[in-house]
1. Hey, could you check the range 433-458 for residues that are assigned to a loop (DSSP other than H, G, I, E, B) and touching a Leu at 6+ places or on another chain (Cβ under 9 Å) and say which is farthest from Val220 (Cα to Cα)?
2. Please pick out the residue among Ala39, Ala43 that is farther than 23 Å from Gly175 by Cβ, at pLDDT 95 or above, under 23 Å from the mean Cα position of the chain (by Cα) and surrounded by 14 or more Cβ atoms within 10 Å (Cβ to Cβ).
3. Does any residue of the range 88-101 turn out to be part of a loop (DSSP other than H, G, I, E, B), hydrophobic (A, V, I, L, M, F, W, C) and surrounded by 19 or more Cβ atoms within 10 Å (Cβ to Cβ)?
4. Would you kindly identify the helices (runs of 4 or more DSSP H) lying entirely within the range 313-415 that contain at least 3 residues that are under 23 Å from the mean Cα position of the chain (by Cα), within 23 Å of Thr442 (Cβ to Cβ) and of a type outside the set (Val, Ile, Thr)?
5. Search the range 293-305 for residues being over 22 Å from the mean Cα position of the chain (by Cα) and not in a loop (DSSP other than H, G, I, E, B), and hand back the single one that is surrounded by the fewest Cβ atoms within 10 Å (Cβ to Cβ).
6. Please state which one of Pro328, Pro280, Pro338, Pro267 is more than 26 Å from Leu460 (Cβ to Cβ) and at pLDDT below 95.
7. With the requirement that a residue be charged (D, E, K, R) and either within 18 Å of the chain's Cα centre (by Cα) or closer than 24 Å to Val229 by Cα (or both), what does the range 461-496 give you?
8. If you check Leu496 against the conditions, is it over 22 Å from Asp318 (Cα atoms) and surrounded by 16 or more Cβ atoms within 10 Å (Cβ to Cβ)?
Amino acid sequence: MDPLSRRTFTHLMGAAAVGSVLPGRLSAAPADELTSLTATELAARIRRKDVSAREVLEAHLARIGHVNPQVNAIVTLVPEMARTWAREADEKQARGEPLGVLHGLPVAHKDLVDTAGIRTTRGSKLYENNVPTTDALIVKRMRAAGAITLGKTNTPEFGAGSNTFNAVFGATRNGFNRDKTVGGSSGGAACALTCNLVPLADGSDTGGSLRNPGAWNNIVGFRPSPGRVPDDDGSWSPLSTSGPMGRTVEDVALFLSAIAGAHATDPSALTDDPAMFRAPLGTEMKGKRIAWFTTMGGIPFEPEITRVVNATRQAFVDMGCIVEEAEPDFTGVDEAFPTLRHLTYHNSYAKLSRDNPTLFKDTVKWEIAEAERQRAVDVAKANARQAQMYRHVSQFFTKYDAFVCPVTQVEPFDITVEYPTVVNGVRMPTYIDWMRSAWYVTFMQCPAISVPAGFSRGGLPVGLQIVGKPRGDWSLLQLAHAFEQATGHGKRRPAL
């Protein structure tokens, strides 16, 4: 990191006191078992009228008031709006009206996502006071399914990087060790889940932003197939997608059933009936063929990551799977993925950056500059490699049912470090190089899930990445659920 970047980052780390942006902070003691229930269990209790939506909301608001100041996961809280929606949810149920699959569940939205009447900063001082007038599509679908918005979760500036800090709210701290990062860019969402602040939270993923924080917070982050969860600004590019995060695979599947489905203005939107994700996940795993990673094309991993991940191999064998060492060909992805990634930042932020250069962090300006440096032939080659990769993995998955590898190359690093510059003795030239185990998988254009794999010797969570066949979201969720049930690693929560 150059001296200017280091000074800037150190300043941002102290830019906001933890929890200082929460209006009407509650002083209640930690909430009871309601906040520790899975979303699926909680939804069932509400539906049976064992508990009301208002009681569930108040339990989570109390938990937020007690715990959030320690971790800074939820950065904007709207308790009165949420109370109004919870009351309306209870009244709707009392009238016997049809209920959505997420009825009464408190949720929080990533601060990149527009929420009508609720501040959406994108982690940028440029948008510090931005209050959208409309909801993003994912928010509309969650609300239509009965979810109750209680606030927004922290994210890096414009979602760039896998350490959740920004100049508006400061950094989000890892509940398992508050000197460590939660990852990103859906870091606030993952932290809120593992700390039992909400039962569900949405996220988004280009280079690992659903999966990295999932791994480092001992929760489940699911990157669906491109087009599975459509977007307002529909694109042909398969790199970026929104997706569900939860504490269990079953919760993630339930959540996906509410946000997936056709959308007329998204050209890549898949049209399968999302209700399929509400079917029972349990199924026989005997005979499933698992391709186990070797080196992922030679990228470095910290020894603790490979130790913990490789220790889970026996679980697949015990489930009756056939496990073989094999992996896709990742040649050329190092050049192709960044080329296409740079374009997305340039399209979104080039003019804003030119007009407000002091309000953009160096890594975002680097993305924009790289986009302007590369040639049309570079983009054409990257697109060709992307098409070639899809053909390759389609053939790869005629032999295998899933590919298994680590989510991350490193353990959660110190919160004062912007990003790792060395991994197991190998220098990382840019701020995304240390995340290749995630964005190599992005380039495969397949669904991928991060599930808890255990803990390092230092007590930090490690995630297992399971990659499914193209558009094979359902069978991937079934395999991840079977692994989760066999190991139980995801039950451990931070001692806050």
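1. The extreme case among them is Gln445.
2. Ala43
3. Checking the range 88-101: at least one residue is part of a loop (DSSP other than H, G, I, E, B), hydrophobic (A, V, I, L, M, F, W, C) and surrounded by 19 or more Cβ atoms within 10 Å (Cβ to Cβ).
4. Result: 333-355.
5. Pro303
6. Pro267
7. Those that are charged (D, E, K, R) and either within 18 Å of the chain's Cα centre (by Cα) or closer than 24 Å to Val229 by Cα (or both): Lys469, Arg471, Asp473, Glu484, Arg493.
8. Yes.
The values are calculated or read from the model by the stated rules, or taken from the named source; none is laboratory data. Keep in mind it's a predicted model, so treat the numbers as computed, not measured. Note that we place each Cβ from the backbone using ideal geometry, even for glycine, and neighbour counts take in every protein chain shown.
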